Structures are given as structure tokens and as C-alpha cells.
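Below is one structure, written out as C-alpha cells; the observations come after it.
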Amino acid sequence: MSVLAARYRVEVRDDKGRLITVLEDDSKSFTQNFMNLLVASHYNQNNAPTLVVYDVLGNAYYTGYTASPNVGVPFQLFNIDFGCWSYFPHAYYWAVPAIWLGTSPCANPALANGPCGSLVACCVVFVNASPYPLSPSNLNQNAPCDGIGQCSPSLANDSWTLTVVDNWLNISSSPVTVASMALVFGLYDIKNMNSCSMSPFYAAIVDNLPTPVTVSPGWYITTSYTIYFPV
Amino acid sequence: MPKSMVSVTLRIEVRDDKGRVVKVIETPSRSFTKNFATILLASQWTEFSIPGPAPTYTFYDVMGNPIYVIGWTPNPPSNGVYFFDVGAIFYSEPQYIASPYQSYTIYMPGIWPGASPCPSPIYANGPCSPISTSVLSPSLFSFPSSPVYTTSGWQLTYSQMWTNVTSTPVTVSSVALVFGATGDAGSPIGYVLYAAIVDNVSPPILVLPNYSVTFTYTMLYAI
């Protein structure tokens, strides 16, 4: 009997808002990185196990405090709070929660560190850089839950649901192919619980699309994950 | 309903005073509690984004007390228990539990037994009629140190044994998987205890004097 399930949905719309493609399916699994972080989050600062975790770029970190670099004891495992996210992949860009997109399918999504191929949706320019081809269009720090999240759980017929939605606009002059997607969260070390600078970023769920989709210049791709808690 | 990503099994094993297994029950757990869904959602946001000081999220601890999540404010309320935000939600150690729980019927994370069934386990705040540790004495709570990889997914296993230290039989009709949760450093010091899963035991099990009962929750994260 299921106690948690997830489903993704991808919609591509042209520059006039007409629906071109819809893909929808069950998400298959959490990633191994998520599992290791989840386990570490049961512990305190004195005895957290040392488990390897890879960020979206494939950089290795360790839970606990005996190996370096470490993420310590994860404090907010599911954080999608844009206001406290930070630079990614370096200081010229700022990371955008929460569904990042890649151009290739992943060989094994459960073992992937993020969407595969080239990362095409993840970030906005912070200073002096060329933008990523897909730019967020529904992210709004003045909106409840940044305009991307759900502020309270919904009770549907047979479950509570939580949904995260990102709407990305192709601002480049070339078509963009999307073949994989990832639900990405930021991390805090419990020792920095009062800070507001989330990093690193890891993928808790990675899915391949059944067929790659093309997002032409000026078109939108809307991606969502809905988490179900059956009751 | 989409394909399951997480399923949970509850195994209950009763042993006599010589350690012999006298009863085994294995049953699927039905669901996480509403409190868990609320805490998980609240933990997506830092104190800087949760609008306050009116409570944005409210969940209930094992004693049924409301815990308010209010966002950061220089003037937090003077009554009630509040978090500015929610950070750790799976804490399983016996240390650092907030003081109100240290005199409660049970006072640490674990798999708690209750004497009564819960009318609706999904909405329960803990096991119903929690059984005192002076009746069923707990062993240490065993929780995962690494995910165990199997052909069907990763397994996380939680287990705790309780021994009847009285001279009369004890009936267990509900159990709850209880974790600690805390907010950031501005929130009250220590972890509050809440139930992530509550299950009724049907039919109830009887634990005779000097007998022990072990509750094991196995969570399968499918791949």
C-alpha cells in the first residue's frame, strides 16, 4: 500500500499560448542522493553517519562532519525558498527553484545527480553572463510561496497533494530540447540554521521524459511535480 | 493513484519471557499523518518567507498541543509553542528533546504503543492512550544508518522493543512512529515530538508480564 507517490506533468505552449505537447506520468523513484540525506537527517551533530552525496553538478559532499567537504546534518531537506537560494553554478548566476531541465535522458534516474545532458533551466543571471536558454516566468518573490509552490496541502478525494510548478520561457534564438527533469532542493547544514544562503543543491527526484520535447524560441514549457499522500 | 514511491510495512513480534516468538503480525501501514504532510510542506520555506506573525502552519505534537509556524518576527508571541520555520523533521535521537516531553508518558523518538485504537489514525497526534514507560519499558530506538539497497528499492528500517515490566497483561491497540522536529535557533530550544505515522493494531495484541513486543516499520522507497 502506497503512503507516498508522485506524478510529473510537462506542457509545451507556443508563443500564442496554444498547447502543443502534454506529457504526464508517474515519477519512478527518489534518487540515491536523497536517500543518503534523508538517513543523515535522523541524527545530531555528534554522530551523523558519513554518506556521500552529489550535488547537481556531480560534486561530492559528505554527510556528518568527519569527511570534507561536508553538508553536516541536513536542516531543510525540501527547501525551495528562492529568497534563500544562492549562486549556481558560480557567482554569475543565481539558482531558481525547483524543477530543473536537461537536454538528454539519464541512464539511470535513481542514480543521477540532476537532469542529464546540458542544463538548460536552473538559474537566472546575477551579473555579467549569458542567460540560460530557459528563463523562469512564474517565479515571483512577492507572491505566496514564490508563485511556484503550494502554501498548504490540498485534500483531494483520496490523498493530500503538494504541487510545485515552474514555467520556463525560451529566451534564446534556438530551439531547446528537454529530455529529463529533476526536482531540486537546496540544503542547509543544521549548524547554519539561521543563515539565508542555501547551498549545495541536490536532486531528490529525476525523471526521463518518454519522448524529448522541443521548446522553440518564445515558447513556454511548464513543468510540475505533484506529491501524493494517500489517506 | 500514481505508482507508489514509498510503501510502509508494520511488523509486530511478541516474545515470551524466554525470548521465544509467540506471535507475529505483519500489515501494511495505511498512511502518513496529516501532521507529517503539514510539517513537510512547512519545511520547504525559511523563516524569511513564511508570512507572520499569524500562524501560517499549525501542526500538533504527541500531546495534542498546537505548534505554530509563524515566520520570523522580532516580537514572537508570549504564549504557545512556535517555530519561526521548520528544519529537522526526522530527528530520532534521545538527546535534545524539548523539556515538556521529558515528563510525558514517553519522552523520546521511537515507535510508541497505545492502549486504545485511534478513531482516525491519519488525524491522530500519537498512539491513542499512550502506554507509560513504567508499564512497557522501551529499549533503544533503532533507526537507519544507511539505506539498504534491495531489488525493489531502498529500505529504511525503524525498530523498537518494549517489555512488560508489570504483573498484569497489557493490551496494545495502536502504534505511532514518532520523530523530533525543530525550527531554527530562534525557535524554542529542543525538538518537539510528533507522529509521522499512526496505525491501529487489529486485533489488539496482548503482552503478558515479562513478555516483550517489537514494532518494526520498514519503509520501501521504490526504484
**Asked** Checking A:G58 against (1) buried (at least 17 other Cβ atoms within 10 Å of the Cβ); (2) under 25 Å from A:S224 (Cα atoms); (3) touching a Gly at 6+ places or on another chain (Cβ under 9 Å), which single condition isn't satisfied?
**Response** (1)
**Asked** What number of residues in segment B:56-108 are within 16 Å of the chain's Cα centre (by Cα) and among the hydrophobic types (A, V, I, L, M, F, W, C)?
**Response** 11
**Fill in**
Checked B:P109, B:P121 against criteria (at pLDDT 95 or above, in contact with a Lys or Arg (Cβ under 7 Å, 6 or more places away or on another chain), surrounded by 21 or more Cβ atoms within 10 Å (Cβ to Cβ) and within 14 Å of chain A (Cβ to nearest Cβ)); the one match is B:P121
**Message:** Take the residues in segment A:108-129 that are small (G, A, S) and more than 17 Å from A:S27 (Cβ to Cβ); name whichever of them is surrounded by the most Cβ atoms within 10 Å (Cβ to Cβ).
**Reply:** A:A121
**Asked** For the subset of segment A:190-226 comprising residues that are in contact with a helix residue (DSSP H, G or I) (Cβ under 9 Å, 6 or more places away or on another chain), modelled with pLDDT of 95 or more and hydrophobic (A, V, I, L, M, F, W, C), which member is surrounded by the fewest Cβ atoms within 10 Å (Cβ to Cβ)?
**Response** A:A204
**Message:** Name the single residue that is surrounded by the fewest Cβ atoms within 10 Å (Cβ to Cβ) among those in segment B:136-164 being touching a strand residue (DSSP E or B) at 6+ places or on another chain (Cβ under 6 Å) and either at positive phi or assigned to a loop (DSSP other than H, G, I, E, B) (or both).
**Reply:** B:S139
**Asked** Can A:I20 be described as crowded, with 22+ Cβ neighbours inside 10 Å, touching a residue at least 60 places away in the same chain (Cβ under 8 Å) and among the hydrophobic types (A, V, I, L, M, F, W, C)?
**Response** no
**Prompt:** Going through segment B:5-54 one residue at a time, which ones are aliphatic (A, V, I, L, M), touching an Asp or Glu at 6+ places or on another chain (Cβ under 9 Å) and free of Cβ contacts under 8 Å to residues at least 12 places away in the same chain?
**Reply:** B:V21
**Asked** Can you pull out the residues in segment B:168-223 that are more than 14 Å from chain A (Cβ to nearest Cβ) and on the phi > 0 side of the Ramachandran plot?
**Response** B:N210
**Message:** Among the residues that make up segment B:165-188, is at least one of them in contact with a His (Cβ under 7 Å, 6 or more places away or on another chain) and either part of a strand (DSSP E or B) or over 30 Å from A:L111 (Cα atoms) (or both)?
**Reply:** no
**Request:** Please work out which residue is nearest to the chain's Cα centre (by Cα), limiting yourself to segment B:37-55 and to residues that are within 14 Å of another protein chain (Cβ to nearest Cβ) and surrounded by fewer than 20 Cβ atoms within 10 Å (Cβ to Cβ).
**Result:** B:P55
**Asked** In the set A:V56, A:V124, which member is more than 19 Å from A:F34 (Cβ to Cβ) and modelled with pLDDT of 95 or more?
**Response** A:V124
**Request:** Output the residues belonging to segment A:39-76 that are more than 21 Å from A:G114 (Cα to Cα) and more than 12 Å from chain B (Cβ to nearest Cβ).
**Result:** A:Y65, A:T66, A:A67, A:S68
**Asked** Can you name every residue in segment B:192-223 that is farther than 24 Å from A:S29 by Cα, part of a strand (DSSP E or B) and of a type outside the set (A, V, I, L, M)?
**Response** B:Y194, B:D199, B:N200, B:S202, B:P203, B:P204, B:S212, B:T214, B:F215
**Prompt:** Is it the case that some residue within segment B:7-30 is at the interface with chain A (Cβ under 7 Å from one of its Cβ atoms) and in a loop (DSSP other than H, G, I, E, B)?
**Reply:** yes
**Item:** Tally, over segment B:63-97, of residues that are outside any strand (DSSP E or B), β-branched (V, I, T) and farther than 25 Å from B:Q160 by Cα
**Value:** 3
**Asked** All but one of (1) at pLDDT below 95; (2) within 19 Å of the chain's Cα centre (by Cα) hold for B:S187; which doesn't?
**Response** (2)
**Request:** State whether the residues of segment A:127-141 include one that is assigned to a loop (DSSP other than H, G, I, E, B), modelled with pLDDT under 90 and more than 30 Å from B:V6 (Cβ to Cβ).
**Result:** yes
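The values are calculated or read from the model by the stated rules, or taken from the named source; none is laboratory data. Given the structure is predicted, the values throughout are model-derived calculations rather than measurements. Neighbour counts run over all protein chains shown; Cβ positions are idealised from the backbone, glycine included.
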